[in-house]
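The structure appears right after this line, and notes come after that.
The values are calculated or read from the model by the stated rules, or taken from the named source; none is laboratory data. Note that this is a predicted model, so its numbers are computed, not measured. Quick reminder, even Gly has a Cβ in these numbers, built from the backbone with ideal geometry, and neighbours come from all protein chains shown.
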């Protein structure tokens, strides 16, 4: 196992000579390197398999704090608003990780071939598990394909299938099947989360979301919180705040304009909720992030 990680680190540092997040020639595969520590960055995780090769990371989703590092895998089954509280790096050991899109259609296909297994109907949307030698080796072979692009079209899908298979036969198996199985509570919540992600600017209609999930309002509330760690209203609010932060940071809008663009009717309410979420007023927080990125 130690030898595999040594090769993984060597491969990633060779492919990532500088800090950054880089798309690769393999669809759905991204490589990440961070040379500086980072704190309090907002993001929205999408269904993915994130394999930490070097370094440590801590994130907060809802009231749940997740800490994970080298040799661990974070599996995100749904879109999830998250605060990255801390990314730790050493002077001679940058933070290195690999992101692979979680393919729920592939999960379904493999599950059907494996036969029927009892499903877990209540699970968090984000989970951390230890890697296995088989998964680490599969990621190493996938990354090595980047040096021989002529083989990617044929071999990459096979290795990606292998990674999903090893996750399915491990401790995440029941959860992944529940996400990919039509009619399970997790799958129903995942549908409503996708709808919220695409329509977070619209007024929130709980009854509409509950109907989409084919649940009563009370049952929907209970399962939504179990999977996402948020109530539907809290989830929508964070989507709006994160988009407002992006508008200020990337598109350089002022706080009031950003607030109205994401659906707030009151700038003062936006300022209060932004400070509660991120710890600083909007402009001060954006200034902090700009300085940190220099």
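Of the residues making up segment 10-24, those that are outside any helix (DSSP H, G or I), over 20 Å from the mean Cα position of the chain (by Cα) and loosely packed, with under 12 Cβ neighbours inside 10 Å number 2.
Quick one: which of 50, 41, 30 is under 22 Å from residue 12 (Cβ atoms), at pLDDT below 80 and either under 14 Å from the mean Cα position of the chain (by Cα) or buried (at least 21 other Cβ atoms within 10 Å of the Cβ) (or both)?
41
Whether any residue in segment 208-231 is more than 20 Å from the chain's Cα centre (by Cα) and under 23 Å from residue 41 (Cα atoms) is what I want to check. No, the conditions are met nowhere in segment 208-231. Among the residues of segment 217-237, some residue qualifies, meaning at least one is at positive phi, modelled with pLDDT under 90 and either buried (at least 17 other Cβ atoms within 10 Å of the Cβ) or in contact with a strand residue (DSSP E or B) (Cβ under 6 Å, 6 or more places away or on another chain) (or both). For residue 238, the test of being in the same structural domain as residue 285 (by TED's automatic domain parsing), in contact with a helix residue (DSSP H, G or I) (Cβ under 8 Å, 6 or more places away or on another chain) and within 28 Å of residue 75 (Cβ to Cβ) is passed. Of the numbered criteria (1) at pLDDT 80 or above; (2) in contact with a strand residue (DSSP E or B) (Cβ under 6 Å, 6 or more places away or on another chain); (3) buried (at least 18 other Cβ atoms within 10 Å of the Cβ), the one residue 125 fails is (1).
When you look at residue 256, is it over 20 Å from residue 189 (Cβ atoms) and outside any loop (DSSP other than H, G, I, E, B), yes or no? Against the criterion (over 20 Å from residue 189 (Cβ atoms) and outside any loop (DSSP other than H, G, I, E, B)), residue 256 qualifies. Restricting attention to segment 264-285, the residues that are farther than 20 Å from residue 86 by Cα, in a loop (DSSP other than H, G, I, E, B) and within 24 Å of the chain's Cα centre (by Cα) add up to 0.
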